[in-house]
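Engineer: Got a structure here, written out as structure tokens. Questions coming.
The values are calculated or read from the model by the stated rules, or taken from the named source; none is laboratory data. The structure displayed is predicted, hence computed values, not measured ones. Cβ atoms come from the backbone with ideal geometry, glycine included; neighbour counts cover every protein chain shown.
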């Protein structure tokens, strides 16, 4: 058995450990983000217990994660994927729940060795003319600084989306004129069948539930997808105690979901089809029930469409980055996991499903993914993807309703291509 030893990365600077870190570990494990991720909590606890020892992937897998003795780290990337996910989860924790902690647990890139380091303190010198800033606690000053950065970044994103929407509007007018003159582009068979039922089609961009305060702070707990469930989040309850009751803030959408929807609209518009793009926040419920719908997002942003997701045999677990089949009485649960191939490259699964709508004759097309929504849209707008999907439909008697598991190759933010790994027809009455 060949074990892969952990080799320190020479590009990562040495850091000076701070204290024994036990309090920091307890704070992390007690947070909602880690309570809902038992595998990552177990991995973190093991790495903490081995912080003074050299550990390798084989030891982590067999001792920390309970893998079998024949685990082979050279061909199984489980440890690398989970350590990478743990590193990201720690970063998210210290950006939200642990923002005020004096020290942080980190896992440097290229290492499995846990370190406890002091939190970098940004310079927040108050201006000479603002006496009130001197009276604010450092904790509030840090949050205000983060809020300014967030608002600035959101402003840039909104500007980009407005410019993109303007371009699409102008391009759409050209497409409508072309259609009127008989020059509209002929869509592939899949899209002609989906759009050709005589119903209007709406592309819906999911609007996450965010909570806003008059201080300029906007917060989101990805596990809270209804405004009425504010009290389910310890982090949000802490903000309520400090700033009072928030308002529902739904002026933002996920950049990934928005860009995927704009990509699809750009693909379909030159055909001359009449499409509407809206968000879940501004889409009337009665309208959604009598139109064809196309929605793309993650299980969290797609919470308003949970009833449709519950009709599928396959589900997406965003925390684990996998697609799994619902428990079958006679068969073991099938799983399609994300495989981290390198620091930037991964193969990650998602679901494309076409379902009957609520009103007779309508349809719902859903793209559900763990990370990159645009990869699934690219699959269903590419010649190879459409050909592969049509072949699967023909194998199952040209079923118009189906659910398909798609694995996408991603390098950084670049989509390298996707392929079908599972296809299952859905009965028209389901």
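Engineer: Working only within the range 343-366, note down all residues that are more than 30 Å from residue 291 (Cα to Cα) and either without any contact (Cβ under 8 Å) to a residue 60 or more places away in the chain or crowded, with 22+ Cβ neighbours inside 10 Å (or both).
Structural biologist: 346, 348
Engineer: Continuing with the same structure: Are any of the residues in the range 284-292 in contact (Cβ under 8 Å) with a residue 12 or more places away in the chain, under 30 Å from residue 360 (Cα atoms), in contact with a helix residue (DSSP H, G or I) (Cβ under 9 Å, 6 or more places away or on another chain) and buried (at least 19 other Cβ atoms within 10 Å of the Cβ)?
Structural biologist: yes
Engineer: State whether one or more residues within the range 248-268 are part of a strand (DSSP E or B) and either at pLDDT below 85 or touching a strand residue (DSSP E or B) at 6+ places or on another chain (Cβ under 9 Å) (or both).
Structural biologist: Checking the range 248-268: at least one residue is part of a strand (DSSP E or B) and either at pLDDT below 85 or touching a strand residue (DSSP E or B) at 6+ places or on another chain (Cβ under 9 Å) (or both).
Engineer: Tell me, yes or no, whether the range 23-45 has at least one residue that is touching a strand residue (DSSP E or B) at 6+ places or on another chain (Cβ under 9 Å) and over 30 Å from residue 221 (Cα atoms).
Structural biologist: No, every residue in the range 23-45 fails to be touching a strand residue (DSSP E or B) at 6+ places or on another chain (Cβ under 9 Å) and over 30 Å from residue 221 (Cα atoms).
Engineer: Exactly one of these conditions fails for residue 84: (1) modelled with pLDDT under 85; (2) over 28 Å from the mean Cα position of the chain (by Cα); (3) under 20 Å from residue 340 (Cα atoms). Give me its number.
Structural biologist: (2)
Engineer: While we're on this one: Return the residues of the range 60-101 that are within 27 Å of residue 233 (Cα to Cα) and either touching a strand residue (DSSP E or B) at 6+ places or on another chain (Cβ under 6 Å) or in contact (Cβ under 8 Å) with a residue 60 or more places away in the chain (or both); say none if nothing qualifies.
Structural biologist: Scanning the range 60-101 gives 84, 85, 90, 93, 94, 96, 97, 98, 101.
Engineer: Here's another thing I want to ask about it. Here are some residues: 305, 211. Which one is over 25 Å from residue 426 (Cα atoms), surrounded by 14 or more Cβ atoms within 10 Å (Cβ to Cβ) and at pLDDT 85 or above?
Structural biologist: 211
Engineer: Could you please give the count of residues in the range 361-410 that are touching a strand residue (DSSP E or B) at 6+ places or on another chain (Cβ under 8 Å) and on the phi > 0 side of the Ramachandran plot?
Structural biologist: 1
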